[in-house]
Amino acid sequence: MTGGTPAGDAGGGAGGNSADTPSAGGGFSIAKLAFYALGAGVLVLAVSIPIIVLLANWSPVAGLIAALAAVVAMIAAIGTVANRMVNRARADLIAARDDHPPA
């Protein structure tokens, strides 16, 4: 056995050549997912900090409300980016498995 396929099945089996089978590591990476998702959260935080500071100088309650809204926006940005990346990787994997171009 080499590469997870039997020695006698060098591409003549029902699955085809092992080089043609889709792999989970084609373009998706957990590190890339974490980097982009947390980057989106940091970007939201960087945009909202000046707004929070300005509102906190005007009214502490308004600053607190803006800070809570920023936390909610950060969570939404992280979730949106992560869902889009995972859904795109899933669609690519399914398309590669079914020999269809990705949508």
Assess whether Leu54 counts as being part of a helix (DSSP H, G or I), of a type outside the set (Gly, Ala, Ser) and under 23 Å from the mean Cα position of the chain (by Cα). no
Between residues in the stretch 43-64 that are over 20 Å from Thr80 (Cβ atoms) and residues that are surrounded by 13 or more Cβ atoms within 10 Å (Cβ to Cβ) and of a type in the set (Asp, Glu), which pairs lie under 8 Å by C-beta distance while being six or more apart or on different chains? none
Looking at the structure I just gave you, is Ala46 modelled with pLDDT of 70 or more and more than 20 Å from the chain's Cα centre (by Cα)? yes
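The values are calculated or read from the model by the stated rules, or taken from the named source; none is laboratory data. Keep in mind the model is a prediction, meaning the values are calculated, not measured. Using ideal geometry, Cβ is built from the backbone for each residue, glycine included, and neighbour counts are taken over all protein chains shown.
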